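Take a look at the structure set out below.
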């Protein structure tokens with residue numbers, strides 16, 4: 001047990017015994033990895049105050065390793081996640097919703113990781129009735145594969161349909177699991193979420209005895225590698241979180257790439273955000289691409305990524321990757337599609353190249369945890385939350401305060417019709 005852990009070996013052993021959810025115990029009966037519900041990560045950040053847990057989106061296995069090492073180094077509780085578009089049935093990454101828990105468990109045991117880790121299925125997108133039908137089969141399969149937290153994302157649908165989708169699909173999410181919902185499709189400065197929309201969704205869920213741990217907003221940020229002039233709207237986020245305070249829900253910040261460290265620090269300081277997704281920046285860092293403080297890849301005068309010397313894969317392999325992308329017409333954000341065809345090629349590199357890929361991710365994630373999100377030393381707080389509950393099931397933070405009679409489907413559709421919304425142009429589901 002590392003000396004900096006902040007909890008005793010006895011506490012760790014007890015948390016390992018009672019804190020791992022039943023799906024995790026079934027999959028990994030002899031494991032020493034403290035894989036927990038997403039609820040424990042949220043509670044730890046709340047206990048510290050003005051603290052946000054990193055949710056590292058792991059498009060390749062080097063990011064998994066680096067993020068776990070950074071969390072151990074910072075003594076921080078962490079979420080490891082992948083979005084449905086990244087690691088679902090039509091994935092462009094080898095890391096998937098079905099093998100992510102196995103990778104995390106294996107790496108935790110190999111590396112001696114003792115901090116609590118949640119396995120999060122991010123942006124489980126629902127765009128249609130067909131998606132809902134498929135989700136009734138697929139969501140249980142995710143928990144069979146070791147997922148301990150999920151984001152049901154029907155945010156691009158009309159408000160009433162978003163609420164209905166969450167009501168219908170929440171029954172397939174175990175009560176002990178972390179649960180994230182979303183309002184206002186995540187895409188940037190148009191179609192921003194409103195207090196009215198957020199209240200509608202959370203009040204409607206509350207009336208149906210559904211108490212999400214997080215709500216994600218379209219609060220002015222974009223996903224991917226391009227900076228956005230507006231960036232995260234801190235004032236808007238704070239207003240929405242204040243309005244939702246009676247429902248005890250935390251915020252999930254998506255699309256951190258494109259926002260300065262100062263703006264992200266402000267989100268931690270002024271809002272109830274306890275989870276921040278980081279994806280594109282970690283992919284680029286693992287490949288040795290130069291990124292700025294905004295987490296955006298830096299381009300040269302020809303619009304090409306700048307590969308740092310002595311970082312990422314060797315120049316010959318990087319050349320293979322760029323030539324492959326060029327043949328398929330992939331530029332900018334499309335480079336994410338290189339993850340799947342090159343994962344095994346990168347795993348076959350010399351040890352020193354693989355190690356520097358992992359170390360670059362570790363250093364970047366550690367910087368975010370320690371210097372930006374105030375996330376250090378939350379590991380013992382997550383362990384404390386588990387021990388206090390005496391169980392892997394921490395229970396809801398909220399209780400029902402809305403009258404179910406006011407939130408029948410007929411009545412909530414009437415309420416939704418009175419809400420003025422602008423969802424803006426179609427967005428994407430990544431960070």
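The values are calculated or read from the model by the stated rules, or taken from the named source; none is laboratory data. These numbers come from a predicted model, not from an experiment. Positions of Cβ are backbone-derived with ideal geometry, glycine not excepted, and every protein chain shown enters the neighbour counts.
A single entry from 385, 389, 416 fulfils the requirement of being closer than 30 Å to residue 117 by Cβ, out of contact with any strand residue (DSSP E or B) (no Cβ under 7 Å at 6 or more places or on another chain) and either outside the structural domain of residue 265 (by TED's automatic domain parsing) or without any contact (Cβ under 8 Å) to a residue 40 or more places away in the chain (or both): 389. Can you find a residue in the stretch 257-276 that is buried (at least 20 other Cβ atoms within 10 Å of the Cβ), outside any helix (DSSP H, G or I) and more than 17 Å from the chain's Cα centre (by Cα)? Yes, the conditions are met somewhere in the stretch 257-276. The single condition among (1) surrounded by fewer than 24 Cβ atoms within 10 Å (Cβ to Cβ); (2) touching a helix residue (DSSP H, G or I) at 6+ places or on another chain (Cβ under 6 Å); (3) closer than 24 Å to residue 343 by Cβ that residue 75 does not meet is (3).
Within the option set 117, 137, being at pLDDT 95 or above and surrounded by 14 or more Cβ atoms within 10 Å (Cβ to Cβ) holds for one residue only, 117.
Within the stretch 120-134, one or more residues are touching a strand residue (DSSP E or B) at 6+ places or on another chain (Cβ under 8 Å) and surrounded by fewer than 18 Cβ atoms within 10 Å (Cβ to Cβ). Considering only residues of the stretch 304-319 that are out of contact with any helix residue (DSSP H, G or I) (no Cβ under 8 Å at 6 or more places or on another chain) and in contact (Cβ under 8 Å) with a residue 12 or more places away in the chain, which is nearest to residue 58 (Cα to Cα)? Result: 318. The set of residues from the stretch 309-318 being part of a helix (DSSP H, G or I) and touching a strand residue (DSSP E or B) at 6+ places or on another chain (Cβ under 9 Å) comprises 315, 318. Highlighted here are the helices (runs of 4 or more DSSP H) found entirely within the stretch 9-75 that include at least 3 residues which are in contact with a strand residue (DSSP E or B) (Cβ under 6 Å, 6 or more places away or on another chain) and within 21 Å of residue 369 (Cβ to Cβ): 38-48. Taking the stretch 183-215 as the range and being modelled with pLDDT of 95 or more and within 15 Å of the chain's Cα centre (by Cα) as the test, the residues that pass are 212, 213, 214, 215.
Looking at the structure I just gave you, is residue 149 surrounded by 18 or more Cβ atoms within 10 Å (Cβ to Cβ), under 22 Å from residue 37 (Cβ atoms), in contact with a helix residue (DSSP H, G or I) (Cβ under 8 Å, 6 or more places away or on another chain) and assigned by TED's automatic domain parsing to the domain that holds residue 206? Criteria met by residue 149. Check whether at least one residue in the stretch 56-72 is over 21 Å from residue 280 (Cα atoms) and either modelled with pLDDT under 95 or assigned by TED's automatic domain parsing to the domain that holds residue 365 (or both), and report yes or no. Looking through the stretch 56-72, at least one residue is over 21 Å from residue 280 (Cα atoms) and either modelled with pLDDT under 95 or assigned by TED's automatic domain parsing to the domain that holds residue 365 (or both). Within the option set 252, 281, being modelled with pLDDT under 95, touching a strand residue (DSSP E or B) at 6+ places or on another chain (Cβ under 7 Å) and either in a loop (DSSP other than H, G, I, E, B) or assigned by TED's automatic domain parsing to the domain that holds residue 208 (or both) holds for one residue only, 281. The set of residues in the stretch 25-49 being touching a residue at least 24 places away in the same chain (Cβ under 8 Å) and over 21 Å from residue 376 (Cβ atoms) consists of 27, 28, 31, 32, 37.
Return yes when residue 367 is in the same structural domain as residue 212 (by TED's automatic domain parsing), without any contact (Cβ under 8 Å) to a residue 12 or more places away in the chain and under 30 Å from residue 44 (Cβ atoms) and no when it is not. It is true that residue 367 is in the same structural domain as residue 212 (by TED's automatic domain parsing), without any contact (Cβ under 8 Å) to a residue 12 or more places away in the chain and under 30 Å from residue 44 (Cβ atoms). For the stretch 117-140, the condition holds for no residue, the condition being that it is part of a helix (DSSP H, G or I), closer than 30 Å to residue 377 by Cα and in the same structural domain as residue 20 (by TED's automatic domain parsing). Residue count for the stretch 320-352 under the criterion of being closer than 14 Å to residue 288 by Cβ, surrounded by 12 or more Cβ atoms within 10 Å (Cβ to Cβ) and out of contact with any helix residue (DSSP H, G or I) (no Cβ under 8 Å at 6 or more places or on another chain): the result is 1. Of all residues in the stretch 284-307, those satisfying the criterion of being buried (at least 16 other Cβ atoms within 10 Å of the Cβ) and in a loop (DSSP other than H, G, I, E, B) are 287, 288, 290, 294, 295, 296. Among the residues of the stretch 161-182, is there at least one that is out of contact with any strand residue (DSSP E or B) (no Cβ under 6 Å at 6 or more places or on another chain), in a helix (DSSP H, G or I) and under 25 Å from residue 338 (Cα atoms)? No: the stretch 161-182 contains no residue that is out of contact with any strand residue (DSSP E or B) (no Cβ under 6 Å at 6 or more places or on another chain), in a helix (DSSP H, G or I) and under 25 Å from residue 338 (Cα atoms). Residue count for the stretch 92-116, restricted to those that are out of contact with any strand residue (DSSP E or B) (no Cβ under 8 Å at 6 or more places or on another chain), more than 22 Å from residue 179 (Cα to Cα) and in a loop (DSSP other than H, G, I, E, B): 5.
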